[in-house]
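As structure tokens, the structure follows; a few thoughts come after it.
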Amino acid sequence: MKQDLKKVCQAAPRCGGCNMLEVPYEEQLIKKQKMVEKLLKQFGKVNPIVGMDEPMYYRHKVHAVYAYDKKKGIYHGNYEEKTHRVIRVSHCLLEDQRADAIFNSIDDLARSFKIRAYDEDSGYGLLRHVLIRIGHYTGQILVVLVLSSPILPSKNNFVKALRKLHPEITSIVINVNDKNTSMVLGDKEQVIYGRGYIEDQICGYTFRISPKSFYQVNPVQTQLLYQKAIEYAALTGRETVVDAYCGTGTIGIAASKNADRVIGVELNKDAVRDAVVNAKTNGIKNIQFYQKDAGQFLVQIAQNGERVDVLFMDPPRNGSDETFLSCVGKLAPNRIVYVSCNPETLKRDLEFLKKFKYRMVEATPYDLFPFTGHVETVCLFSKLR
Ligand code: SAH
């Protein structure tokens, strides 16, 4: 039975944030299960999808666009699907409610401090976006104000007023994005309160996460997903492990105690910096991180004659590339644990790996993104000898 969308969310259906809002949660899970099975069942067993007990308000990384309306002044929301029109969203069903409250307060403060919303067409105005990251286990909250110029008028008073309304905020950063781009964050950053990052705990380890580092948006499900990834790796303590597309080092660090050594590779330099700190904070000595394209890095370690026993790979939505996958063929790890946010590219990469005598043992989908069409899958391939 379809629910009345407007009753569930004022912004629906124009806001493209959750395109499965009208689908009951059990049905969403069935749809996602079918989607993964359709693509992967031909290669091996697909376990039942792991859903959430409480599927709402799960996003711990949230982002709002700021815009201006003649009648109501500055407001925040999301882009309407496939456009750059900003739909007002004052209460989002996917986002942690602490973030909602902060966005609403920033609307009010922007009005009283006479801060103008950035206008994409004219290039005028200051406030473009606000990004909020919340540590699920630590409760730490980072607010990133994305501005078109580095100068926030009455900065100290603004910070004071925001902290007074929300003493739960642990850090505030200005990010300067002065380009005409659809990217949210620019290059320059200035910490104006606190440490400039949050920490969170996952699988018993502490992770530092900077504004630009990747970190899964749904920490409750992520922990389950990582546990499965580590179970699939079946480490005995003797293995050399590569954690490719490692972000802040989460998977490699969580796997390190059962491995001989772990090598992490990641392109984003802030994430690598976080990863190095994370290894240190957790007292892990058998892990090293490299800032490089994952494919180029594998070519290099293959040339050096390195042995790799187990490979974790967790590429972005467009999957891996031929350089990387061909090199996996050469390095011939016994097991590959592929974490994917896009079952289509997972299937494509799996087909490529079959050339090198890999077969899929099993896959488990996880619902990391309730009310959206996305699904995460962790998949185990093993090498036929
Ligand atoms: N495993 C991490 C991050 C996964 S997201 C976690 O679970 O948190 C994918 C990561 O791949 C991002 O951090 C992104 O910066 C990185 N990435 C994208 N393209 C890359 C490339 N060509 N080489 C290495 N890393 C890349």
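Below are the figures for this structure:
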{"read-out": "Matching entry among His166, His129, His136 (being within 30 Å of Glu81 (Cα to Cα), touching a helix residue (DSSP H, G or I) at 6+ places or on another chain (Cβ under 7 Å) and not aliphatic (A, V, I, L, M))", "value": "His136"}
{"read-out": "Residue within region 158-178 that is buried (at least 19 other Cβ atoms within 10 Å of the Cβ), over 20 Å from Ile115 (Cβ atoms) and at pLDDT 95 or above present", "value": "yes"}
{"read-out": "Flag for Lys347 being of a type outside the set (Asp, Glu) and open to solvent by 60 Å² or more (accessible area, probe 1.4 Å)", "value": "no"}
{"read-out": "Residues within region 339-385 that are part of a loop (DSSP other than H, G, I, E, B) and touching an Asp or Glu at 6+ places or on another chain (Cβ under 6 Å), tallied", "value": "2"}
{"read-out": "Strands (runs of 3 or more DSSP E) completely within region 235-324 that count 2 or more residues being within 11 Å of the ligand (Cβ to nearest atom) and over 24 Å from Arg348 (Cα atoms)", "value": "287-291"}
{"read-out": "Hits in region 215-224 (condition: more than 19 Å from Ser256 (Cβ to Cβ) and within 11 Å of the ligand (Cβ to nearest atom))", "value": "Val217, Pro219"}
{"read-out": "Residue under evaluation Pro219, criteria (1) touching a residue at least 24 places away in the same chain (Cβ under 8 Å); (2) open to solvent by 40 Å² or more (accessible area, probe 1.4 Å); (3) within 21 Å of the chain's Cα centre (by Cα), criterion not met", "value": "(2)"}
{"read-out": "Residues being among the hydroxyl-bearing types (Ser, Thr, Tyr) and within 14 Å of the ligand (Cβ to nearest atom) - total across region 173-205", "value": "1"}
{"read-out": "Asp349 being free of Cβ contacts under 8 Å to residues at least 60 places away in the same chain, within 16 Å of the ligand (Cβ to nearest atom) and within 28 Å of Pro48 (Cα to Cα)", "value": "yes"}
{"read-out": "Count - residues of region 48-75 that are under 16 Å from Leu29 (Cβ atoms) and surrounded by 14 or more Cβ atoms within 10 Å (Cβ to Cβ)", "value": "7"}
{"read-out": "Long-range neighbours under 6 Å by Cβ, at least six apart or interchain, first residue more than 18 Å from Phe214 (Cβ to Cβ) within region 317-344, second of a type in the set (A, V, I, L, M) and in a loop (DSSP other than H, G, I, E, B)", "value": "Leu331/Val308; Pro333/Val308"}
{"read-out": "Close pairs from region 1-13: first open to solvent by 40 Å² or more (accessible area, probe 1.4 Å), partner at pLDDT below 75, Cβ under 7 Å, at least 6 apart", "value": "Pro13/Leu5"}
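The values are calculated or read from the model by the stated rules, or taken from the named source; none is laboratory data. No experiment lies behind these values; they were computed from the predicted model shown. Virtual Cβ from ideal backbone geometry, glycine too; neighbours counted across all protein chains shown. What goes into the accessible areas is simple: the full protein's heavy atoms, side chains included, and nothing from ligands, DNA or RNA. Shrake-Rupley method; radii C 1.70, N 1.55, O 1.52, S 1.80 Å.
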